[in-house]
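Colleague: Before I ask anything, here is the structure I am working with.
The values are calculated or read from the model by the stated rules, or taken from the named source; none is laboratory data. None of these values were measured; they are calculated from a predicted model. Note that each Cβ is placed from the backbone with ideal geometry, even for glycine, and that neighbours are counted across all protein chains shown.
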Amino acid sequence: MPADSFAPQAESVFWGLIFAVTGFAIGWAASRVLCHAPRPAAVPVRWCAAGTASLWAAVAWRWTAGGLPAWWLPVPLVVTALSVPLAVADLGHRRLPDALTVPAYPLAALALGIAAVAGPGGALFARAVLAAVLFAGVHALVHAVAPTALGAGDVKLSGSLGAVVGATGWQALVVTASTAAVTTLGLAATAAALRVRRWRDGVPHGPGLLMAACLVTLFPGAGSEVHMGS
């Protein structure tokens, strides 16, 4: 194998390992936070750590492959750091604990602030703020009309996720909402087929939202500033 082709592969493996190890530690820490929160939501620590490590490795792969610009990295790293522990908590307990949904706001703001300063500028951050208000507002309205279909935790989570996906472009909000809805319908069908008793009062919507946010921040659309800046 030529040396000039081996170097990029070695660099990709190196960063993949660094990101995976760091993600493992963060996933472990986040799961412990949930287990020791004022309202505990015990989750499998090893699964959360391994899942977060895998997602962080995916972020590293996208970056080293040229799919993401370096200035955007803080955003998908924050999203993937929170996604696995929160999704597992929602699947197991049908709630999204404040222990992670509340810190998600300052973490998202910090990541988006760094991305805006290092990347396209203040317009990205302004769009993120407006997207957060819009996305949270729509979810709050749905919760008010049908509280059993969409919980208060989903509303709290929707603001921070609306900010990070909205930063990539307005169309990302529609993609995220649609993907989350399809995922929740899939969970509902699976629960009905398997007769999952814990979801008799409703299927968790958080995993769908989190999965959609991970996909959008890792694979921004062709027309987004993130894609054009890569």
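Colleague: Taking the stretch 60-99, which residues are β-branched (Val, Ile, Thr) and under 16 Å from the mean Cα position of the chain (by Cα)?
Modeller: The answer is VAL75, VAL78, VAL79, THR80, VAL84, VAL88.
Colleague: Scan ALA50, ALA109 and give me the residue that is assigned to a helix (DSSP H, G or I) and closer than 25 Å to ALA167 by Cα.
Modeller: ALA109
Colleague: Another question, then. Tally the residues that are within 21 Å of PRO69 (Cα to Cα) and without any contact (Cβ under 8 Å) to a residue 12 or more places away in the chain, restricting the search to the stretch 124-173.
Modeller: So the answer is 1.
Colleague: Name the one entry in THR80, THR64 that is touching a Phe, Trp or Tyr at 6+ places or on another chain (Cβ under 9 Å), under 21 Å from GLY206 (Cα atoms) and among the hydroxyl-bearing types (Ser, Thr, Tyr).
Modeller: Result: THR80 is the single residue among THR80, THR64 that is touching a Phe, Trp or Tyr at 6+ places or on another chain (Cβ under 9 Å), under 21 Å from GLY206 (Cα atoms) and among the hydroxyl-bearing types (Ser, Thr, Tyr).
Colleague: Considering every residue within the stretch 15-24, establish whether at least one is surrounded by fewer than 19 Cβ atoms within 10 Å (Cβ to Cβ) and either in contact with an Asp or Glu (Cβ under 7 Å, 6 or more places away or on another chain) or over 29 Å from PRO120 (Cβ atoms) (or both).
Modeller: Yes, the conditions are met somewhere in the stretch 15-24.
Colleague: In the stretch 154-171, how many residues are closer than 22 Å to ILE114 by Cβ and under 13 Å from the mean Cα position of the chain (by Cα)?
Modeller: Qualifying residue count for the region: 9.
Colleague: Give ALA177, ALA191, ALA149 a once-over and let me know the one that is surrounded by fewer than 23 Cβ atoms within 10 Å (Cβ to Cβ) and closer than 12 Å to VAL138 by Cβ.
Modeller: Testing whether each residue is surrounded by fewer than 23 Cβ atoms within 10 Å (Cβ to Cβ) and closer than 12 Å to VAL138 by Cβ leaves just ALA177.
Colleague: Within the group LEU150, LEU82, which residue is in a helix (DSSP H, G or I) and of a type outside the set (Lys, Arg)?
Modeller: LEU82
Colleague: Looking only at the stretch 85-106, how many residues end up being surrounded by fewer than 20 Cβ atoms within 10 Å (Cβ to Cβ), at pLDDT 95 or above, assigned to a loop (DSSP other than H, G, I, E, B) and touching a helix residue (DSSP H, G or I) at 6+ places or on another chain (Cβ under 6 Å)?
Modeller: Looking only at that region, the number is 0.
Colleague: So in the stretch 165-217, with the set limited to residues that are polar (S, T, N, Q) and assigned to a helix (DSSP H, G or I), which one is farthest from ALA146 (Cα to Cα)?
Modeller: THR217
Colleague: Do we have VAL226 as under 24 Å from ALA118 (Cβ atoms), within 13 Å of the chain's Cα centre (by Cα) and either among the aliphatic types (A, V, I, L, M) or part of a helix (DSSP H, G or I) (or both) here?
Modeller: Answer is no for this residue.
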